[in-house]
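These notes are about the structure you will find just below.
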Amino acid sequence: MSGFDRTQLVQALDNGPVVRVVIAQHAGSAPRETGTSMLVSSQGQQGTIGGGALELEAIRAAREMLGNSNDTHVLRLPLGPALGQCCGGSVTLVLERFTSPPDNTEIFVRRIAGKGHEPLSITRAAAQMRNLSAQRPLVFIGGWIAEVARTPVRALWLYGAGHVGRAIVETLNGLPFDITWIDTAQNRFPGNMPSNATPLVARNPAQVVPCAPMDADHLVLTYSHAIDLDLCHTVLSRDFASLGVIGSATKKARFTKRLRELGHSNTQITRMTCPIGNPALGKTPKAIAVGIAADLLSSAAQQPSRKEA
């Protein structure tokens with residue numbers, strides 16, 4: 001996990017106290033970056049901070065906190081000397097014991113160690129986080145933390161609940177995507193709807209495209225070439241982040257010709273990616289889904305959405 005996820009913490013607290021472990025600082029070679037966190041409770045753990053021995057030490061310290069009244073703890077660990085890891089860097093872990101969730105706030109600022117008033121550097125860091133100009137999700141200075149308390153997500157509109165569509169939704173579970181899943185009938189969706197997707201039934205899927213955010217990613221993989229073409233035409237007629245279409249080079253050539261006839265420019269048509277996925281990974285639904293997930297994550301890292309969970 002990255003960023004302070006209040007919703008996940010609230011859910012974890014249903015089973016009693018929770019210790020949140022977050023990488024507050026890192027230097028040199030480290031398993032994960034600053035802001036990565038996990039939750040430890042009597043029921044187990046959620047998330048990972050990576051690193052094998054590092055995580056085991058963090059879990060040990062967190063479980064110790066579960067049994068006492070210590071609310072905060074700071075661990076500074078050189079990974080090689082302290083834990084025998086081949087990483088040459090060091091990490092600072094902040095452990096916080098929660099028995100109830102903090103206030104629902106956009107930026108979570110709190111004192112972890114020491115005394116005194118909030119440092120000006122923390123105040124400035126929090127202001128940068130609020131106006132989205134900060135490059136880091138967490139700043140730890142002078143015993144104080146300022147942390148983004150929101151989870152950036154990208155809007156993904158996925159058309160088609162067939163084998164590939166289901167594999168994509170399954171693969172993206174736990175990743176920062178808010179999926180609107182569209183098909184022509186309710187019985188085309190799985191019986192147990194995944195928690196990361198919202199189903200939307202539409203006899204004509206193209207008619208719901210205008211409801212998508214202007215910065216949404218669109219994946220077109222229905223059972224009908226005619227529906228696919230109509231969707232591509234509608235998406236290309238408005239603002240969007242990306243458009244991917246399942247198919248082959250032949251399908252792309254046919255769609256390109258028809259989209260030109262419908263009035264789309266070559267510049268706009270080249271924004272359509274077809275086929276989607278990574279052919280080198282294979283043609284099974286899961287292999288296609290893995291390639292698509294990698295492309296979406298790469299795109300999200302370069303152009304993160306400003307939508308918030």
Exercise. R0 = 41 Å: FRET efficiency of THR284 with ALA27, Cβ-based, nearest 0.05?
Worked result: 0.50
Problem set entry | the range 161-241 shape via C-alpha gyration tensor axes, a/c threshold 1.5 | oblate
Seminar exercise, completed: Note: THR92 to ARG271 extended length (0.36 nm per residue) minus current alpha-carbon separation gives 60.2 nm
For this session: Quick one: what are the phi-derived ³J(HN,Hα) couplings along the range 94-102, Karplus 6.51/-1.76/1.60 with θ = phi - 60°, whole Hz, x for glycine and proline?
Result: 10, 10, 10, 9, 10, 10, 8, x, x
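Would you please give the FRET efficiency between GLU106 and VAL74, computed as 1/(1 + (r/R0)^6) with r the Cβ-Cβ distance and R0 = 22 Å, to the nearest 0.05?
0.35
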Exercise. When the chain is fully extended, how far beyond the present Cα-Cα distance does ALA294 get from SER195, taking 0.36 nm per residue of separation?
Worked result: 33.6 nm
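Based on DSSP H runs of at least 4 residues, each adding -39500 (n - 2.57), what is the mean residue ellipticity at 222 nm of the chain after dividing by all its residues, to the nearest 500 deg cm²/dmol? Could you put the intermediate results ahead of the total?
Working: 9 runs with 93 residues, N = 309.
Calculated mean residue ellipticity at 222 nm is -9000 deg cm²/dmol.
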Problem set entry | Percent RCO, i.e. relative contact order, over the range 6-148, from Cα pairs under 8 Å lying at least 6 residues apart | 25
Problem set entry | Label-point separation, LEU66 to GLU261 (7 Å along Cα→Cβ), nm | 6.4
Problem set entry | Average Cα contact separation per residue, the chain, under 8 Å, 6 or more apart, as relative contact order % | 14
Exercise. Sorted by average packing, counted as other Cβ atoms within 10 angstrom per residue and highest first, what order do 20-27, 204-211 take?
Worked result: 20-27, 204-211
Seminar exercise, completed: Projected onto their principal axes, the Cα atoms of the range 7-78 stretch, largest extent first, over whole-Å spans of 37, 24, 18
For this session: With an 8 Å cut-off on Cα pairs and a minimum separation of 6 or more residues, tell me the relative contact order of the range 154-302 in percent.
Result: 24
Problem set entry | Inter-label distance for THR7 and LYS115, nm, one decimal - labels placed 7 Å from Cα along Cα-to-Cβ | 4.1
Problem set entry | Calculated volume of the Cα convex hull per residue in Å³ (choose from [x] 135; [y] 127; [z] 160), label | [z]
Exercise. Count the lysine pairs in the chain that are 8 or more places apart or on different chains: how many have C-alpha atoms under 26 angstrom apart?
Worked result: 5
Exercise. From the backbone phi of the range 223-238, what are the Karplus-calculated ³J(HN,Hα) couplings (6.51 cos²θ - 1.76 cosθ + 1.60, θ = phi - 60°) in whole Hz, Gly and Pro given as x?
Worked result: 7, 10, 4, 5, 5, 4, 5, 4, 5, 4, 4, 6, 5, 5, 8, 9
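Of the DSSP beta bridges with both residues in the chain, give the percent that are antiparallel, rounding to the nearest 5.
Antiparallel bridges: around 65 percent, rounded to the nearest 5.
Every number in this text was worked out from the coordinates using simple rules, so none of it is lab data. None of these values were measured; they are calculated from a predicted model. FYI the Cβ positions are ideal-geometry reconstructions off the backbone, even for glycines, and counts take in every protein chain you see.
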